[in-house]
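Everything on this sheet refers to the single structure shown next.
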Amino acid sequence: MKTIKKVSLFLLMNIFCINSFSQNEIKAVISNDYLNILYLGIENPISIAVPGIPNDKFSVTITNGSIRKDNGKYYIKVNDVPEVAINVIVESKLVNSSIYKVLKLPNPTLSIGRFLGANSIAISRDELLKAGEIGLSSFLPKELTYTIMSFSFSYSSNGNAIEKQNSGNIFTQDLIDAIENTKPNSKFYFESIKVKFPDGTIKDMPSIVIKVIGK
């Protein structure tokens, strides 16, 4: 009888130790979809999981911003730079706290054909017509899209300064006609290039001066 009691007590103690160990070893996994950087002004997608714990059994809080949960995914909108802490809580206990760097959305890079990021280029008429647009690129994830809304172009024709608007990034027929009829060494000025950022703001990008050299 005493042996049975001792075995029972031993088993209870082991179960208690296992439970205590499990509670102490709970670790949350936080994964930032945007390479460990959060950007101002947008909802940054974050994946959070606690092994062995259902999503509705833990909570997530952040400093310096707001958080929205949708279908098991978390979206964090940060208020300010330079960093934010993401905290995961299980049964009132903090099981993980990760700090992420916060950056402002960078300006995209503009291009004309093979000329990337240049504010002054010399290009043949045929190459300029083949390009047919102001290109735009960024090193951010593809979901964070930038869009050229419009730009103005100006040039000289028979001694007269002409300025027109171009909607979007594709050359309008007016611009195409002007390029086709231009003389060698003429210049075009692409200005007021308005770009819509992923956070919805619209900013002016630097102007591009184009010198048309030959055909």
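The values are calculated or read from the model by the stated rules, or taken from the named source; none is laboratory data. A quick note: this is a predicted structure, and the numbers were derived from the prediction, not measured. A quick note on method: Cβ atoms are made from the backbone with ideal geometry, for glycine too, and the neighbour counts reach across all protein chains shown.
Taking the range 178-212 on its own, how many of its residues are under 16 Å from PHE115 (Cα atoms) and not in a strand (DSSP E or B)?
2
Would you mind finding the one in LEU175, LEU128, LEU140, LEU144 that is outside any strand (DSSP E or B), free of Cβ contacts under 8 Å to residues at least 40 places away in the same chain and not acidic (Asp, Glu)?
LEU175
Name the residue that is farthest from GLY200 (Cα to Cα), counting only residues in the range 107-125 that are loosely packed, with under 13 Cβ neighbours inside 10 Å and in contact (Cβ under 8 Å) with a residue 24 or more places away in the chain.
Within the range 107-125, the match that is farthest from GLY200 (Cα to Cα) is SER120.
Among the residues of the range 147-158, are any modelled with pLDDT of 95 or more, more than 30 Å from LEU35 (Cα to Cα), touching a helix residue (DSSP H, G or I) at 6+ places or on another chain (Cβ under 7 Å) and in a strand (DSSP E or B)?
The answer is yes, given that some residue of the range 147-158 is modelled with pLDDT of 95 or more, more than 30 Å from LEU35 (Cα to Cα), touching a helix residue (DSSP H, G or I) at 6+ places or on another chain (Cβ under 7 Å) and in a strand (DSSP E or B).
Can you tell me which residue among PHE139, PHE151, PHE171 is of a type in the set (Phe, Trp, Tyr) and surrounded by fewer than 17 Cβ atoms within 10 Å (Cβ to Cβ)?
PHE139
Can you confirm whether SER98 is farther than 30 Å from THR172 by Cβ, surrounded by 16 or more Cβ atoms within 10 Å (Cβ to Cβ) and at pLDDT below 95?
Answer is yes for this residue.
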